Amino acid sequence: MTGDRCHPWLSLDEKDTSDLLKVLATADKLSLQELVDYLQGYLIENKSEQLEQYFELAQQISSNSNNLLRLPEFCTNLMVQSPDKVLKSLNFTSFPEKSLISLIKSDNLQMKEIEIWEHVLKWGLAQNPTLIPDPKTWSDDDFKTMKNTLQHCLPFVRFFCLSPKEFSQKVRPYQKLLNQQLYEDILNFYLDPESVSSHNIQLPRKIKINENTEEVICSLIVNSGSRDGFTPKKFHELCDNKPNTVTFIKIKGTKEIIGGYNLLEWKSFTRWDKTKDSFIFSFKNKNNFKDAILSKVVNSDRALWFSYTTGPYFGNDINIIALNHYTDYVTIKYCKRFYEKKIRDSEGEFTIEDYEDTSDLLKVLATADKLSLQELVDYLQGYLIENKSEQLEQYFELAQQISSNSNNLLRLPEFCTNLMVQSPDKVLKSLNFTSFPEKSLISLIKSDNLQMKEIEIWEHVLKWGLAQNPTLIPDPKTWSDDDFKTMKNTLQHCLPFVRFFCLSPKEFSQKVRPYQKLLNQQLYEDILNFYLDPESVSSHNIQLPRKIKINENTEEVICSLIVNSGSRDGFTPKKFHELCDNKPNTVTFIKIKGTKEIIGGYNLLEWKSFTRWDKTKDSFIFSFKNKNNFKDAILSKVVNSDRALWFSYTTGPYFGNDINIIALNHYTDYVTIKYCKRFYEKKIRDSEGEFTIEDYEVFQIIKK
């Protein structure tokens, strides 16, 4: 018997964790405290991964006991650190109230505050199943019922840490659940940040940024003068012992901002501290970072001054001083001493309108990038993208400008490009895209996932080209040969990424032909031939259409995914299943021999080789009588969802009993291809029965 594996009464060798949990529950009910303590310790110290696997059982046992201590603590800590993983594995709405409170009261809960609020509401609704989720339908009695249910939970929701938009959209509809004064205080907090609340404002939770770093308090705004006051006491209370802070100082009566970066921790004791990584900076206009001045420390022994009577103090260059620990600052001045460059036109004292630590993070990022502070650059890019994506959208033009002016940033340019790719309408409306550097435009239009129609991409490229040549009149009919050469030279690196073969004939005729002199002559001829004779062979590489997201309300998607046929892989079930099994979201196109007709279907699920029916309500089949004309398209949704799809190792794509492609075995070519209206809504062919196929293709739609 070994002490770490066995108890005198019980062998734990090879015991399943779920069995051990049940033994623990039994021991707890029988008040076998020594065994309870031993089992809790053993499970937590030796079976933590398995406890995650059986978390719902562990949580249930913890909730039903008033005597267990370590297991409830383990469960709460696991939920706090990995809420997404845990909450997906169980029905959290069945939590006892004490478990929910234990979770949401934690400073370390790794969830956004708005998600915590939404979970609390969801839990409250589950306790009152007769309530309709929409609060617009609630009576005063309904609100009273819900308020009573949540009375012990609401104090632990940190409403002051929500964004104004979150508060407006997600909390105000439920305002009758809140104490009236609390509601007014929150509202005033967003409308007037200097207003005083009668309620205790809890600090934000300590959200992890990555495994090694925790977020500094309140979205990295640690200390704001306008919010917290202008005393050394408040500065040191909020900022001491926190590394990697950036101070912004707004100079009263101007648009000027100055500040500095401290890699070290601020301290209250009096001394100089040494670092070669500190810098100070200035922006003459807070809305324009192009005139930024960045000044590295040159006397590293005098980089920072710490004292209980000062605020942020960089060398003897930026000084903020009070008479004592409790009074407002009386001296705020700039004088070039221990840092490299002069950052203000004038030296001496000035008045500040406000100061903040680490607020305008994009400008900090630009500053850190120019100073090649790679660790800070990497940290800030990660923080902004992972925690401030909505705000990055709001300040997208600035983010894009910073990205374009840097050759070193990697993640922010990628974020900007992805945002433009996924939401081009929203982004392009918020900025003057014609001011994009060429590399940014190319990065955008080369993407397979750009969510724009190809004709819109072409029009944007033309608009960008015209903006680079303001003397050109937009109408190409007025252009001389030299004008076309100028425009062709401007767009030479962009044109290869416009997918002209994906335009409709009408779009090509009306929107491209007037600019034909911009295109390579052979490319122009190939495109023209493509529309006049779809079977013609092009000497140019024909790019596939972009992977446009499916809009469930439109049937155009089918058309936009039709491309010219490539070389075939053969007509056997073996090859079909090799290439298509385990791939969701596929569309099959079948060309019927001797006609211009195309039929096919969409499968949301994955094709499989085993024999069975599979169920889905989202499948559909379709037909085009003429492959060059989509106006006569017929789309037929599944009506018998239990028979939507048939899987077998001897078949190809098989939709209900409506479209069937069958072989004698896994290796031989298909022998039966037929259509018969059975389990789908509409008839998609005039005639039923067997037919011969010329070709078939299966495309996978990649959803982003």
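With respect to (1) in the same structural domain as ILE402 (by TED's automatic domain parsing); (2) more than 17 Å from THR417 (Cα to Cα); (3) of a type in the set (Ser, Thr, Tyr), the lone exception for THR434 is condition (2). Name the residues in the range 301-350 that are crowded, with 16+ Cβ neighbours inside 10 Å, of a type in the set (Ser, Thr, Tyr) and closer than 22 Å to THR367 by Cα, would you? Those that are crowded, with 16+ Cβ neighbours inside 10 Å, of a type in the set (Ser, Thr, Tyr) and closer than 22 Å to THR367 by Cα: TYR313, TYR334, TYR339.
Residues that are under 18 Å from LEU238 (Cβ atoms) and assigned to a strand (DSSP E or B) within the range 294-313 comprise LEU304, PHE306, THR310, listed in sequence order. Of all the residues in the range 38-47, those that are without any contact (Cβ under 8 Å) to a residue 12 or more places away in the chain and either hydrophobic (A, V, I, L, M, F, W, C) or farther than 15 Å from ALA58 by Cβ (or both) number 0. One residue stands out among those in the range 257-282 that are farther than 20 Å from LYS341 by Cβ and of a type in the set (A, V, I, L, M, F, W, C): the one that is surrounded by the fewest Cβ atoms within 10 Å (Cβ to Cβ), which is PHE269. Beta carbons closer than 6 Å, at least 6 apart along the sequence or on distinct chains, pair a first residue in the range 668-696 that is assigned by TED's automatic domain parsing to the domain that holds LEU635 with a second that is outside any loop (DSSP other than H, G, I, E, B) and among the basic types (Lys, Arg) for PHE679/ARG643; GLU681/LYS637; GLY689/LYS674; GLU690/LYS674; GLU694/LYS591; ASP695/LYS591. Selection of the range 370-379 for residues being buried (at least 17 other Cβ atoms within 10 Å of the Cβ) and either aromatic (Phe, Trp, Tyr) or modelled with pLDDT of 80 or more (or both) yields VAL377, TYR379.
The residue of the range 104-147 that is farthest from VAL80 (Cα to Cα), among those that are small (Gly, Ala, Ser) and not in a helix (DSSP H, G or I), is SER139.
Quick grid of which residues meet (1) under 20 Å from LYS255 (Cβ atoms); (2) touching an Asp or Glu at 6+ places or on another chain (Cβ under 7 Å); (3) part of a strand (DSSP E or B); (4) modelled with pLDDT of 90 or more:
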{"position": "ASN324", "(1), (2), (3), (4)": "no, no, no, no"}
{"position": "THR331", "(1), (2), (3), (4)": "no, yes, yes, no"}
{"position": "SER346", "(1), (2), (3), (4)": "yes, no, no, no"}
{"position": "ASP354", "(1), (2), (3), (4)": "yes, no, yes, no"}
{"position": "SER359", "(1), (2), (3), (4)": "yes, no, no, no"}
{"position": "LEU362", "(1), (2), (3), (4)": "yes, no, no, no"}
{"position": "LEU365", "(1), (2), (3), (4)": "no, no, no, no"}
{"position": "ALA368", "(1), (2), (3), (4)": "no, no, no, no"}
{"position": "GLN381", "(1), (2), (3), (4)": "no, no, no, no"}
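Please go through the range 152-176 and give me each residue that is among the polar types (S, T, N, Q) and either under 19 Å from PHE95 (Cβ atoms) or assigned to a helix (DSSP H, G or I) (or both), ordered by number. Can you show your working first?
Taking the range 152-176 and keeping what is among the polar types (S, T, N, Q), we get 163, 168-169, 175.
Result: SER168, GLN169, GLN175.
Listed conditions (1) surrounded by fewer than 16 Cβ atoms within 10 Å (Cβ to Cβ); (2) within 29 Å of CYS161 (Cβ to Cβ) are all met by ARG411, apart from (1).
So which of SER226, SER219 is surrounded by 13 or more Cβ atoms within 10 Å (Cβ to Cβ), at pLDDT below 90, part of a helix (DSSP H, G or I) and of a type outside the set (Val, Ile, Thr)? Even if it seems obvious, please write down each step before you answer.
Details: SER219 fails: part of a helix (DSSP H, G or I).
Residue meeting the stated conditions: SER226.
Residue count for the range 485-501, restricted to those that are surrounded by 16 or more Cβ atoms within 10 Å (Cβ to Cβ) and basic (Lys, Arg): 2. Go through the residues of the range 647-666 one by one and say whether even a single one is in contact with an Asp or Glu (Cβ under 8 Å, 6 or more places away or on another chain), in contact (Cβ under 8 Å) with a residue 24 or more places away in the chain, among the aliphatic types (A, V, I, L, M) and farther than 19 Å from PHE624 by Cα. Yes, there is a match, as at least one residue in the range 647-666 is in contact with an Asp or Glu (Cβ under 8 Å, 6 or more places away or on another chain), in contact (Cβ under 8 Å) with a residue 24 or more places away in the chain, among the aliphatic types (A, V, I, L, M) and farther than 19 Å from PHE624 by Cα.
Condition check: at pLDDT 85 or above, within 35 Å of the chain's Cα centre (by Cα) and in a helix (DSSP H, G or I). Does PHE281 satisfy that? Spell out how you get there, then give the answer.
On the way: at pLDDT 85 or above: yes; within 35 Å of the chain's Cα centre (by Cα): yes; in a helix (DSSP H, G or I): no.
No, not satisfied.
Quick one: which helices (runs of 4 or more DSSP H) sit completely within the range 1-89 and have at least 2 residues that are closer than 25 Å to ILE104 by Cα, modelled with pLDDT of 75 or more and of a type outside the set (D, E, K, R)? Can you show your working first?
On the way: elements: 17-29, 33-46, 48-53, 55-63, 70-81, 83-88.
Filter on the range 1-89 gives 33-46, 48-53, 55-63, 70-81.
Here is a check on your reading of the model: is TYR649 touching a helix residue (DSSP H, G or I) at 6+ places or on another chain (Cβ under 7 Å), aromatic (Phe, Trp, Tyr) and surrounded by 14 or more Cβ atoms within 10 Å (Cβ to Cβ)? I'd like the intermediate steps shown before the answer.
On the way: touching a helix residue (DSSP H, G or I) at 6+ places or on another chain (Cβ under 7 Å): yes; aromatic (Phe, Trp, Tyr): yes; surrounded by 14 or more Cβ atoms within 10 Å (Cβ to Cβ): yes.
Against the criterion (touching a helix residue (DSSP H, G or I) at 6+ places or on another chain (Cβ under 7 Å), aromatic (Phe, Trp, Tyr) and surrounded by 14 or more Cβ atoms within 10 Å (Cβ to Cβ)), TYR649 qualifies.
Within the span defined as the range 473-484, every residue fails to be out of contact with any helix residue (DSSP H, G or I) (no Cβ under 6 Å at 6 or more places or on another chain), hydrophobic (A, V, I, L, M, F, W, C), surrounded by 15 or more Cβ atoms within 10 Å (Cβ to Cβ) and within 30 Å of LEU376 (Cβ to Cβ).
When the range 365-385 is filtered for residues that are within 17 Å of PHE415 (Cα to Cα) and not hydroxyl-bearing (Ser, Thr, Tyr), the ones remaining, listed by number, are LEU365, ALA366, ASP369, VAL377, ASP378, LEU380, GLN381, GLY382, LEU384, ILE385. Scanning the range 384-398 finds one or more residues that are surrounded by 14 or more Cβ atoms within 10 Å (Cβ to Cβ), basic (Lys, Arg) and touching a residue at least 12 places away in the same chain (Cβ under 8 Å). LEU495 satisfies every condition listed in (1) in the same structural domain as LEU518 (by TED's automatic domain parsing); (2) farther than 19 Å from TYR524 by Cα; (3) of a type in the set (A, V, I, L, M) except (2). If you check every pair at least six apart or on different chains, which have Cβ atoms under 9 Å apart with a residue in the range 97-120 that is in contact (Cβ under 8 Å) with a residue 12 or more places away in the chain and over 17 Å from LEU177 (Cα atoms) first and a residue that is crowded, with 21+ Cβ neighbours inside 10 Å and small (Gly, Ala, Ser) second? Final answer for the pair search is SER99/SER62.
The values are calculated or read from the model by the stated rules, or taken from the named source; none is laboratory data. Note that this is a predicted model, so its numbers are computed, not measured. Every residue, glycine among them, receives a Cβ derived from its backbone with ideal geometry; neighbour counts consider all protein chains shown.
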